[in-house]
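Single-structure report; data block below.
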Amino acid sequence: MRASPSAAGASLFRERRRFIFALVAPAAAVLLVFEILPILMGVDASLRRFSLTDEEHPFIGFRNYARILGDAHFLGVVMFNTFFFMLTSVAGGVLLGLAVAVLLNRRFPGRTAARTLIVFPLMVAPVVASIMIAWIFNDQFGVANVLVTALGFPPVAWRASPWLSLGIVILTDVWLQTPFFVLIFLAALETMPREPHEAARVDGANAWQVFRNVTLPLLRPVFLVAIVIRSIDAFRVFDTVWTITKGEPGRATEVFSIYAYKEAFVFLNFDMGAAASLVGAAIIMVVGLVLYWGLARATEVSR
Amino acid sequence: MRKGWKTAFFGLTLGALFGLMLFPVFWLTLTAMRPESEVFYVHRGTRLTLVNFAKAWRSPKIQESFVNSAVLATLATVFSLQVTITSGYMLSRFKGAANRIWFATIYLFRTVPYITWVLPLYLLTQWLGIFDTYLGLLLPHIAVHVCFFSWVMKGFFDGIEPELEQAAYIDGCSHWGAFLRIVLPQARSGVTALAILCWLFTWNEFLFALILTGSRTPLLTVTMAQFAHELGIEWHLMSATAVMAMVPALVVTLFAQKYVVSGLRL
């Protein structure tokens, strides 16, 4: 029994469509129920007066958003911290990652071992990294203060100062994320064409000039991707800040994820938490687009 | 002569960088190995012991947390991979409107901060009656992985030539047959990479665990973070637990490096 060619074609087409549907359906279903639906529930909660302890959740329009955008703490401290953290931790990761990648790109004994070890921080839980580094900077018993007093200075109250506390968090994040940049830059350095470097050498450029004028421009597309991805991740940082400072001293080291969490579960204003988290989501979408567009333009102009 | 200086400078810089990188790990391990009474003066004295590890492991809550985290990570790996391997294959092979829509969806929802959907997930899991259970943790964790892993998997499939599948189609092989028998075996290293990463990501994950668990299903990261705040004084147990929590990371770094790097490069 043989079907005519066109009927066979149609049934093949139908099989193909069913196949495509079956490939995506499970992932799409999970995404729909456990990400998209919650986001919509969050939008709904943000438009109501909604506390986890209340029975009734009356609709109040955009009042929660107005409260957040009128909150001097949210704009002046939380958003400032979030952007400050994003800029410094990404900049630190990029610079350190580039330096390590350039070093590891050379030939030296123990290179394989070094390349193996460098990946380790990326595998460690942010909570564990936070515990380690917080222990070093413990006010009373940390080894950092042992060092400070050994040098003849009075011990530093790291955790009493918002700036130092934030600095410890940033340090932890740089520790965790530098290997990501190292991997990306190393991969790019290894696949880089050799001719431009050799030509520059022949023309009498020194090592720094070659790096500055040949290697760096060739790395620019990689910079773009790495910076955008990491900035978006840094904007939503939670684990390290929560483990190290919980937003303290006072509320001075809160970032936007911490602010939303505290509103929802500590101060029991679930509506405010939901609204704050959506404000943050909107901001990071804009920031992501601007970063991508800005960096893409910058790399085009300078090339 | 100049060359010698350069080599020395290079070696010193590299040594200093790696020293700084490894110091926190070294110091935590040293703390974990000091007797309870000397843990606050790690730098004084040389007595070392392994008793803290045994003590931490004997604490019921810590042990339960280790088991829960391991079970959850394993379940999440199995199910996340099942879901994302096929979705990545679709993205790589079947171009068209459905592909563009799915790709855009993944791209868009990867940018949404976790806090934005984990807060209402608390309500959703309560409402479904799965709050603080394995199921209530597993399903959101699969959702966490859908976007990123579909994308990584697409990359792996892009690297596999489609000729063999097309030959199989001509020989009358079905789509499923070609996918399962021809493509999947070739994607083995990619799947391995993703499995290792998925296990480790779930093991290390904190925010979802914090919000979606209560006292019935303690997970390791949450237990440790509570430790840091509530029992901050018991540094001997704390550091021993944290060192043990790092063991999977160490194993992966030392023995599964080549798989993982291919998954992380994007």
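The values are calculated or read from the model by the stated rules, or taken from the named source; none is laboratory data. Quick caveat: nothing in here was measured; it's all calculated off a predicted structure. Here the Cβ is made from the backbone with ideal geometry for all residues, glycine too, and neighbour counts use every protein chain on show.
Taking each residue of the stretch B:174-201 that is β-branched (Val, Ile, Thr) and looking for partners that are not in a helix (DSSP H, G or I) with beta-carbon atoms closer than 7 Å, six or more apart or interchain, yields B:Val183/B:Ile160; B:Ile196/B:Ala256. Within this structure, B:Val222 passes the test of being crowded, with 20+ Cβ neighbours inside 10 Å and under 20 Å from the mean Cα position of the chain (by Cα). At least 3 residues being within 30 Å of B:Phe179 (Cα to Cα) is the threshold, and among the helices (runs of 4 or more DSSP H) wholly inside the stretch A:1-81 those reaching it are A:5-31. Restricting attention to the stretch A:216-268, the residues that are aliphatic (A, V, I, L, M), farther than 22 Å from A:Ile184 by Cβ and in a helix (DSSP H, G or I) add up to 6. The number of residues in the stretch B:250-266 being within 11 Å of A:Phe120 (Cα to Cα) and either of a type in the set (D, E, K, R) or modelled with pLDDT of 85 or more (or both) comes to 5. Only a single item in (1) touching a residue at least 24 places away in the same chain (Cβ under 8 Å); (2) buried (at least 21 other Cβ atoms within 10 Å of the Cβ) is not met by A:Val222, and it is number (2).
With the condition kept exactly as written, say whether any residue in the stretch B:67-82 is over 25 Å from A:Asp233 (Cα atoms), at the interface with chain A (Cβ under 10 Å from one of its Cβ atoms) and either under 24 Å from the mean Cα position of the chain (by Cα) or surrounded by fewer than 21 Cβ atoms within 10 Å (Cβ to Cβ) (or both). Yes.
Among the residues of the stretch B:32-57, those identified as of a type in the set (Lys, Arg) and either loosely packed, with under 11 Cβ neighbours inside 10 Å or without any contact (Cβ under 8 Å) to a residue 40 or more places away in the chain (or both) are B:Arg44, B:Arg47. Checked against the criterion of being more than 22 Å from A:Ala129 (Cα to Cα), in contact with a helix residue (DSSP H, G or I) (Cβ under 8 Å, 6 or more places away or on another chain), away from chain B (no Cβ under 11 Å) and of a type in the set (S, T, N, Q), the stretch A:192-207 contains not a single residue that satisfies it.
Pairs meeting the criteria (first residue in the stretch B:8-31 and in contact (Cβ under 8 Å) with a residue 60 or more places away in the chain and more than 9 Å from chain A (Cβ to nearest Cβ), second residue in a helix (DSSP H, G or I) and surrounded by 13 or more Cβ atoms within 10 Å (Cβ to Cβ), beta carbons under 7 Å, at least 6 apart or on different chains) are B:Thr29/B:Val243. Taking the criterion of being of a type in the set (D, E, K, R), within 14 Å of chain A (Cβ to nearest Cβ) and under 30 Å from the mean Cα position of the chain (by Cα), no residue of the stretch B:160-195 qualifies.
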